[in-house]
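A short worksheet on the structure shown next.
Every number in this text was worked out from the coordinates using simple rules, so none of it is lab data. Since we're looking at a predicted model, the values are computed, not measured. Backbone-built Cβ (ideal geometry, glycine too); neighbour counts: all protein chains shown.
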Amino acid sequence: MDPIESNFDGFLDILSEKLKKDAVVDQISKNSTFEERAFKILVSTSLSARTKDETTAKVSKNLFRVIQNPEDLLNIPINELEKLVYPAGFYKTKSKNLKELGKILVEKYNSKIPNSIDELVKLPGVGRKTANLVMTLAFSEDAICVDTHVHRITNRLNYVDTKNPNETEMALRKKLPKKYWKQINNSLVIFGQDICGFVPKCSSCFPEIKKICPYYSSILEILKIYEKYNFKKVSKTKIPRERGTYVLRIKINNSKNILVGKKEIQFEKGDYFYIGSAMGNSLNLYNRINRHLSDEKKKRWHIDYLLEFGNIKEIYVTDGSFECSVSKDFEAILKGIFGFGCSDCKCKSHLYFLKP
Ligand code: SF4
């Protein structure tokens, strides 16, 4: 069993012990009456979509000086509301949704915030993330708010294996003990913002977490391979004109089905490690890797199809012919991508995937 699978509760306990900070929407609504608090959490979370926390906090604070309840939302002129919402981005859509929200809350719910996920998600601009957050923070109900941080970190740590936040919520509902439901969002949002971000700052992570993190352990194993074969990291402008073996780290930012030759392959968002070599008399690392880097190339190898959508983020090179041995070492750590094998050495693949 993956260490995290048996110890995810422990991981959340460490975070709640070490990161004592309330979510922005929670802070904003402190010292409000019960009704006001539910309303403020609903409005702030709707405003927070694709907006930085500091901006959400600032915009919400200014907005709540003018708007205290659904009637205020219903009555405020749209141009005045737009001015207040403007710094949060997408202000036209967000303002329109808020006006509509005020109207529905007044007319259909007697100015009360509905106390059910099914009812909340019917409101304009309210998705499952917002609905779950309102349920946990405003009504103290057991619900799991899955935003980008919760989705990324629970997948990165192999606790779930899902494609989007809704799937993550459903997977967590099945396996996460209830006592962590309310806490997980706050803990992982703070942890995601400060340490385990889109690009994780593993060197700043807590030692107890590093010990059980499968992502970190994969990265350490990859570094051991680089050391074993004497690989050196090079920049795109300093590729040696020598024969040798190379590893490309390629980032795919969005999951995609890509036609590779005649076969469609689904590539998940994440990092791919491609192992190749340039050992011919007229072929050197410089020529071969620059061909991978070129936008103009004709598609000749399978990797060319992937490179149309991915970015080469790191290049490692070493002299010597180690392509297949390096691939076999990668195979022991990461999942190989079917269809990228090598007929000479019978390797299953020369392309390996690391979850983001
Ligand atoms: S070690 Fe790195 S990947 Fe693992 S939890 Fe910490 S920051 Fe995230």
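For this structure, a couple of remarks:
- Cα centroid of segment 9-54 to Cα centroid of segment 65-126, whole Å: 19 Å
- Total formal charge among the other residues, if their Cβ is under 13 angstrom from that of VAL66, Lys/Arg +1 and Asp/Glu -1: 0
- The chain: radius of gyration over Cα atoms, expressed as a fraction of 2.2 N^0.38 Å: 1.21
- Counting charges near LYS20 (Lys, Arg +1; Asp, Glu -1) among other residues having Cβ under 14 Å from its Cβ returns a value of -3.
- For a straight C-alpha distance cut-off of 20 angstrom, the lysines reachable from LYS201 (same-chain residues fewer than eight places away being disregarded) are LYS18, LYS20, LYS21, LYS52, LYS210, LYS211, LYS224, LYS233, LYS251, LYS269, LYS313, LYS355.
- Local electrostatic count at THR45 - Lys and Arg +1, Asp and Glu -1, tallied over other residues with Cβ under 13 Å: +3
- Principal-axis analysis of the Cα atoms of the chain puts helix 214-228 at an angle of about 20° to the longest axis.
- Per-residue HN-Hα couplings for segment 55-61 [Karplus 6.51, -1.76, 1.60; θ = phi - 60°; Hz; x = Gly/Pro]: 5, 4, 4, 5, 5, 4, 4
- Spherically averaged projected area of the convex hull of Cα atoms, segment 217-354: 7.9 nm².
- With neighbours defined as other Cβ atoms within 10 Å of a residue's Cβ, the residues LYS348, LYS94 order from fewest to most as LYS348, LYS94.
- Förster-model FRET efficiency, 30 Å R0, SER217 and LYS112, C-beta, rounded to 0.05: 0.05
- Against the chain, whose longest principal axis comes from its Cα atoms, helix 34-47 is set at around 40 degrees.
- When the helices of the chain are scored as -39500 (n - 2.57) per DSSP H run of n ≥ 4 and the total is divided over every residue, the value at 222 nm lands at -14000 deg cm²/dmol.
- Compactness of segment 3-194 - radius of gyration and Dmax, Cα, Å: 16.8, 55
- A simple rule links phi to the HN-Hα coupling: the Karplus curve 6.51 cos²θ - 1.76 cosθ + 1.60 with θ = phi - 60°, which for segment 6-11 gives 8, 10, 5, 4, x, 4 Hz, with x for Gly and Pro.
- Inter-part distance where segment 192-229 and segment 176-191 are each reduced to a Cα centre, Å: 22 Å
- Applying the Karplus relation 6.51 cos²θ - 1.76 cosθ + 1.60 with θ = phi - 60° to segment 288-293 yields 3J(HN,Hα) values of 5, 6, 5, 5, 4, 6 Hz, where x marks Gly and Pro.
- Bridging of LYS297 to lysines at a Cα separation below 18 Å is possible for LYS236, once same-chain residues fewer than 8 apart are set aside.
- Semi-axes of the equivalent ellipsoid of segment 145-216 are 20, 12, 12 Å, computed as sqrt(5λ) over the eigenvalues of the C-alpha gyration tensor in descending order.
- Where labels lie 7 Å past Cα in the beta-carbon direction, separation of GLU227 and LYS201 in nm: 2.5 nm
- The ranking of THR136, THR93 by Cβ neighbour count inside 10 Å, starting from the fewest, reads THR93, THR136.
- Qualifying aspartates and glutamates (Cα of each under 15 Å from Cα of LYS262; at least 8 residues distant if same chain): ASP304
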